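Below is one structure, written out as structure tokens; the observations come after it.
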Amino acid sequence: MELEQPDPLHAGRRRVLITGASGQLGRALQREFAEDNLVALSHKEWNVTLPPPRGLAALDLVLHAAAWTDVDGAEADPQGAAAVNIAGTANVASLGAPLVTFSTDYVFDGRKPEPYVESDRVNPLSAYGRTKLHGETAAGPDAWIVRSSWLFGTTGHNFVRTMLRLGSEQEEVAVVDDQRGCPTYVGHLAGAVRELVDTDRPRGVWHLAADGDCTWAELAEAVFSEAGIDCRVRRVSTLELGRPAPRPAHAVLRSERAGAPVLPHWRDGLRECLAAMGSI
Ligand SMILES: NC(=O)c1ccc[n+]([C@@H]2O[C@H](COP(=O)([O-])OP(=O)(O)OC[C@H]3O[C@@H](n4cnc5c(N)ncnc54)[C@H](OP(=O)(O)O)[C@@H]3O)[C@@H](O)[C@H]2O)c1
């Protein structure tokens, strides 16, 4: 596919490519970097398992938000997940431009009772986690590798939107109460990514996730309470729910790096997201 030449109106601004531009993070990045000369490519416009389309020269920055994110689906098709998360990331890195790639708390096994920092030992439990970890390597030594956690936003498939739907249909929902993480609003993550690149922080791994932590059940209760939905949360164990992919029990991310952008608390992210959806 041949891409259009840059809009002369944007001359002088950074030329920024966003992959996976229709995903929940891709959309938030488009909003956050709206002042730049954006080339926002959806899955249809660039399937990253294929080499880059022509016309992607002279990029000042690449924000690689495309990924296989179906955690349970990756157990059934690890090669499909690897094609996107590893080979796809290598294709994006082959552009040779400054690169931000995204990774996950699922590179950890969740057995550490304290928060995970960047230098902690990785040990993914799932096929998804393994492909994301190899994807970090595929991004190359000069990339910013941003690990985040439990993303939610106003669009796409995410836990907050699922709870809003189920809460309006049912009197009770069963939600896992033995996994703890940092639910991160994509708008806040996109802001932190801009801070990282605009202040030219050193490359390498950065943990950028919401302040605070909770379980999925606590997050569900917060959604219902903030949105005024009358639905009970029945707390269940991971074992009871029986999902195909194992998930880390305690995957709280914090940064040990000087100058790391600080994100707001997850509850503030939740309120901002619900307000943007008109749910509060
Ligand atoms: N979601 C989370 O809780 C979470 C947590 C930590 C880290 N992350 C990481 O954060 C990043 C963004 O995730 P997200 O939550 O925004 O995911 P998302 O909403 O699922 O968006 C991913 C996007 O990638 C696209 N995509 C899939 N395969 C592709 C391919 N072969 N070529 C090009 N595009 C492709 C998808 O398009 P289609 O939908 O059309 O296939 C989708 O638009 C990912 O790297 C993810 O691993 C996510």
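The values are calculated or read from the model by the stated rules, or taken from the named source; none is laboratory data. The structure presented is a predicted model; accordingly, all values stated were derived computationally and were not measured. Glycine gets a Cβ as well: all are built from the backbone with ideal geometry, and neighbour counts include every protein chain shown.
So, of the residues in region 211-245 that are part of a loop (DSSP other than H, G, I, E, B) and buried (at least 17 other Cβ atoms within 10 Å of the Cβ), which turns out to be nearest to the chain's Cα centre (by Cα)? Don't jump to the end; show me each part of the working.
Restricting attention to region 211-245, the residues satisfying the condition of being part of a loop (DSSP other than H, G, I, E, B) are 212-213, 228-231, 237, 242-245.
From what is left, the residues that are buried (at least 17 other Cβ atoms within 10 Å of the Cβ) are 213, 231, 245.
Working: Asp213: 16, Cys231: 28, Ala245: 18 Å.
Per the criteria, the residue is Asp213.
To keep it simple, each residue is scored yes or no on (1) among the small types (Gly, Ala, Ser); (2) more than 21 Å from Leu29 (Cβ to Cβ).
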| position | (1), (2) |
| --- | --- |
| Pro51 | no, yes |
| Asp70 | no, no |
| Asp77 | no, yes |
| Ala82 | yes, yes |
| Val100 | no, no |
Q. If you go through region 19-39, how many residues are buried (at least 22 other Cβ atoms within 10 Å of the Cβ), part of a loop (DSSP other than H, G, I, E, B) and within 6 Å of the ligand (Cβ to nearest atom)?
A. 2
Q: Among the numbered conditions (1) in contact (Cβ under 8 Å) with a residue 60 or more places away in the chain; (2) among the small types (Gly, Ala, Ser); (3) more than 14 Å from the ligand (Cβ to nearest atom), tell me where Gly140 comes up short.
A: (1)
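Name the one entry in Thr131, Thr137 that is in contact with a helix residue (DSSP H, G or I) (Cβ under 9 Å, 6 or more places away or on another chain), on the phi < 0 side of the Ramachandran plot, of a type in the set (Val, Ile, Thr) and crowded, with 18+ Cβ neighbours inside 10 Å.
Working: Thr137 fails: crowded, with 18+ Cβ neighbours inside 10 Å.
When all the criteria are applied, what remains is Thr131.
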Q: Pairs only if they're at least six apart or on different chains, beta carbon under 8 angstrom, first in region 17-38 and within 17 Å of Pro53 (Cβ to Cβ) and among the polar types (S, T, N, Q), second near the ligand (Cβ under 7 Å from one of its atoms) and at pLDDT 95 or above; list them, first residue then second.
A: Thr19/Gly26; Thr19/Trp46; Thr19/Val48; Thr19/Ala65; Thr19/Ala66; Ser22/Ser42; Ser22/His43
Q.
Can you tell me which of (1) farther than 28 Å from Arg31 by Cα; (2) away from the ligand (no atom under 16 Å from the Cβ) is the one Arg180 doesn't meet?
A. (2)
Q | In region 118-137, the residues that are away from the ligand (no atom under 14 Å from the Cβ) and of a type outside the set (Val, Ile, Thr) | A | Glu118, Ser119, Asp120, Arg121, Asn123, Leu125
Q | Matching residues, region 74-111, being more than 14 Å from the ligand (Cβ to nearest atom), surrounded by fewer than 16 Cβ atoms within 10 Å (Cβ to Cβ) and more than 13 Å from Leu63 (Cα to Cα) | A | Ala76, Ser94, Arg111
(Q) Pull out all pairs, ordered by first then second residue, where Cβ-Cβ is under 6 Å, the residues are six or more apart or on different chains, the first lies in region 90-110 and is within 22 Å of Val252 (Cβ to Cβ), and the second is assigned to a strand (DSSP E or B) and away from the ligand (no atom under 14 Å from the Cβ). (A) Gly110/His250
Q: For region 121-134, enumerate the residues that are in contact with an Asp or Glu (Cβ under 9 Å, 6 or more places away or on another chain) and either of a type in the set (A, V, I, L, M, F, W, C) or under 12 Å from Val205 (Cβ atoms) (or both).
A: Val122, Leu125, Ala127
Q) Taking region 19-57, which residues are of a type in the set (Phe, Trp, Tyr) and touching a strand residue (DSSP E or B) at 6+ places or on another chain (Cβ under 6 Å)? A) Phe33
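Among the helices (runs of 4 or more DSSP H) confined wholly to region 40-119, which include 3 or more residues that are under 18 Å from the mean Cα position of the chain (by Cα) and either within 23 Å of Leu151 (Cα to Cα) or charged (D, E, K, R) (or both)?
On the way: elements: 71-76, 78-82, 88-93.
Answer list for region 40-119: 71-76, 88-93.
For Pro51, state whether it is of a type outside the set (A, V, I, L, M, F, W, C), within 13 Å of the ligand (Cβ to nearest atom) and at pLDDT 95 or above. Explain how you work it out, then say what you get.
On the way: of a type outside the set (A, V, I, L, M, F, W, C): yes; within 13 Å of the ligand (Cβ to nearest atom): yes; at pLDDT 95 or above: yes.
Here the answer is yes, as Pro51 does meet what is asked.
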